[in-house]
Amino acid sequence: MAKVDLLEGAGGLVRPIERKRGTAPDNPERSWEPERVQLCGQGLLLRVAGYVCDEGLLVFAESRERVLVRFDDALVDRTLCLLAELRHTAGRDEPPAPLLDSPKCPRCSLVGICLPDETNALAGRQELPLRRLMPHDPSARPVYVSEQGAVVGRDGGRLEIKRKGELVASVRLLDVSQLCIFGNVQVSTQLLRELFVREIPTCWFSYGGWFSGIAEGLPSKHVELRRQQVIMSAQGGLDIARRMVAGKIKNSRTLLRRNAREGQPDALRRLATGAVAALTATSFGSLLGIEGAAARTYFSMLPAMLRTEHQLPGATFAWDGRNRRPPLDAINCLLSYAYSLLVKELTVTCLAVGFDPYFGFYQRPRFGRPALALDLAEEFRPLLADSLVLNLINNGEVGAADFVVRAGVSA
């Protein structure tokens, strides 16, 4: 099976045409071997289909040049030889080694998956310094709709939010990474179909922010990825869990070192010791103990990172430690909310790349627990959630009026 840009001919005599964006190379053939092999492969398939095909054309758009490629015996033999090598490579249990220091790799869309420099360095095939990978920051952002009674629909290529027939907001679908619905908000079928096509998930929450469910298009077709995930989860994944916990402790230590005003040295020393101990833990039980001790040390220093003039409901600065379900004071309320948003984002990300968010390596799988999303959240909690809460409080962006206290519990 092949996809031909253009096919010209009459009767049973045809020739394929391939369009190329650049210029023809300055060599005797006026083309590169991969281009000739591609064209010859198309010609061989046309022959199998009953056509007479002895030549093809390469059309270079920049130089506006047409290069004739004849399917002689040498090119046919070379094409069949490369096809045999391709089948042999595809049938192997292990993928081939990445290219060495190739200028093509940084521009490849799969470089973040293949990781050629990292793989070659670990295998001892490369001594050159690793080229940095720059993560792409997409312009698309989540859209949160909390206006009760609103209707979210589609008008052409835009997402529109209306209430009682009046337009509240309009956003280009190109700028939407996910749609988050809170409470009694309606979503049109037309919009859902378009979101499925664009692989944009829709998340539903209760009015109070409880994650209720998610809708997306067809699930990932990467079956082998999920199979390997289940195998690793069943085997325990202790090594992965050790690195997750060590990363969490190191990030907590970094946040504490940058923000605490007093009492740092002893806490920093204990956290550094905990990070080293996590990497050598021999069981999940000991790893849980190491993480718990590090968490107590870290949260005991939380008041030292807060400005005391911004008073919030509950035991704000007479800090009694972390509590939840429900959180008993404003700080724990903010932390729980930030953690829930982080886990939601990671659940959506797991589904987007083909992982099952319920099969984890550190958090034990159980009914209703997105274990893998919780695992991935461990390292990011200090950097994303805790730092956000600290900034909100220390900059005075939240105050007592932003909370509702019922039966002594902040919300």
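Restricting to the stretch 323-348, what's the tally of residues that are under 18 Å from the mean Cα position of the chain (by Cα) and at pLDDT 80 or above?
The total comes to 9.
Would you check if there is a residue in the stretch 198-220 being in contact (Cβ under 8 Å) with a residue 12 or more places away in the chain, closer than 20 Å to Ala140 by Cα, of a type in the set (Lys, Arg) and surrounded by fewer than 18 Cβ atoms within 10 Å (Cβ to Cβ)?
Looking for residues that are in contact (Cβ under 8 Å) with a residue 12 or more places away in the chain, closer than 20 Å to Ala140 by Cα, of a type in the set (Lys, Arg) and surrounded by fewer than 18 Cβ atoms within 10 Å (Cβ to Cβ), one finds at least one in the stretch 198-220, hence yes.
Restricting to the stretch 242-275, what's the tally of residues that are in contact (Cβ under 8 Å) with a residue 60 or more places away in the chain and out of contact with any helix residue (DSSP H, G or I) (no Cβ under 6 Å at 6 or more places or on another chain)?
The total comes to 1.
Can you go through Gly165, Gly157, Gly153 and tell me which one is out of contact with any Gly (no Cβ under 9 Å at 6 or more places or on another chain) and surrounded by 14 or more Cβ atoms within 10 Å (Cβ to Cβ)?
Within the list Gly165, Gly157, Gly153, the selection yields Gly153.
For the stretch 113-131, enumerate the residues that are in a loop (DSSP other than H, G, I, E, B) and surrounded by fewer than 11 Cβ atoms within 10 Å (Cβ to Cβ).
Ala123, Gly124, Glu127, Leu128, Pro129
Every residue in the stretch 153-169 that is under 26 Å from the mean Cα position of the chain (by Cα) and either more than 17 Å from Pro201 (Cα to Cα) or of a type in the set (A, V, I, L, M, F, W, C) (or both), please.
Result: Leu159, single match.
Give the residue that is farthest from the chain's Cα centre (by Cα), with candidates limited to residues of the stretch 25-45 that are touching a residue at least 40 places away in the same chain (Cβ under 8 Å) and within 16 Å of Lys3 (Cβ to Cβ).
Filtering first and then ranking leaves Leu45.
Can you report the number of residues in the stretch 222-254 which are among the hydrophobic types (A, V, I, L, M, F, W, C) and buried (at least 18 other Cβ atoms within 10 Å of the Cβ)?
Qualifying residue count, the stretch 222-254: 5.
Return a yes/no flag: does the stretch 105-123 have any residue that is among the β-branched types (Val, Ile, Thr) and at pLDDT below 80.
yes
So is Gly360 closer than 26 Å to Arg257 by Cα, in contact with a Lys or Arg (Cβ under 9 Å, 6 or more places away or on another chain) and at pLDDT below 80 or not?
Judged against the criteria, Gly360 is not a match.
Out of the stretch 59-112, which residues are part of a loop (DSSP other than H, G, I, E, B), touching a residue at least 24 places away in the same chain (Cβ under 8 Å) and within 39 Å of the chain's Cα centre (by Cα)?
Hits for the stretch 59-112 are Ala61, Glu62, Ala97, Leu100, Asp101.
Select, from Val14, Val4, Val37, the only residue that is closer than 12 Å to Leu75 by Cα and surrounded by 11 or more Cβ atoms within 10 Å (Cβ to Cβ).
From the options Val14, Val4, Val37, the qualifying one is Val37.
Taking the condition free of Cβ contacts under 8 Å to residues at least 24 places away in the same chain, touching a helix residue (DSSP H, G or I) at 6+ places or on another chain (Cβ under 6 Å) and more than 26 Å from Leu342 (Cβ to Cβ), does Gly165 pass?
The answer is no for Gly165.
Select, from Ala97, Ala10, the only residue that is in contact with a Lys or Arg (Cβ under 8 Å, 6 or more places away or on another chain) and modelled with pLDDT under 85.
Being in contact with a Lys or Arg (Cβ under 8 Å, 6 or more places away or on another chain) and modelled with pLDDT under 85 holds for just one of Ala97, Ala10, which is Ala97.
What is the one condition in (1) part of a loop (DSSP other than H, G, I, E, B); (2) buried (at least 18 other Cβ atoms within 10 Å of the Cβ); (3) modelled with pLDDT of 80 or more that Glu291 does not satisfy?
Among (1) part of a loop (DSSP other than H, G, I, E, B); (2) buried (at least 18 other Cβ atoms within 10 Å of the Cβ); (3) modelled with pLDDT of 80 or more, Glu291 violates only (1).
Among the small types (Gly, Ala, Ser), at pLDDT below 90 and either exposed (fewer than 10 other Cβ atoms within 10 Å of the Cβ) or closer than 29 Å to Gln126 by Cβ (or both), is that true of Ser102?
yes
Pairs needed: first member in the stretch 113-138, among the small types (Gly, Ala, Ser); second member anywhere, at pLDDT below 75 and part of a loop (DSSP other than H, G, I, E, B); C-beta distance under 7 Å; at least 6 residues apart or different chains.
Ala121/Leu130
With (1) of a type outside the set (Phe, Trp, Tyr); (2) part of a loop (DSSP other than H, G, I, E, B); (3) more than 20 Å from Asp5 (Cβ to Cβ); (4) within 36 Å of the chain's Cα centre (by Cα) as the list, and Gly22 as the residue in question, which single condition is left unmet?
It fails just one condition, (3).
With the condition kept exactly as written, say whether any residue in the stretch 171-182 is without any contact (Cβ under 8 Å) to a residue 40 or more places away in the chain, exposed (fewer than 12 other Cβ atoms within 10 Å of the Cβ) and closer than 26 Å to Gly208 by Cβ.
The answer is no, given that none of the residues of the stretch 171-182 is without any contact (Cβ under 8 Å) to a residue 40 or more places away in the chain, exposed (fewer than 12 other Cβ atoms within 10 Å of the Cβ) and closer than 26 Å to Gly208 by Cβ.
The values are calculated or read from the model by the stated rules, or taken from the named source; none is laboratory data. It should be emphasised that the depicted structure is a prediction, and the values quoted were computed from it without experimental measurement. So basically every Cβ, Gly included, is an ideal-geometry build from the backbone, and we count neighbours across all protein chains shown.
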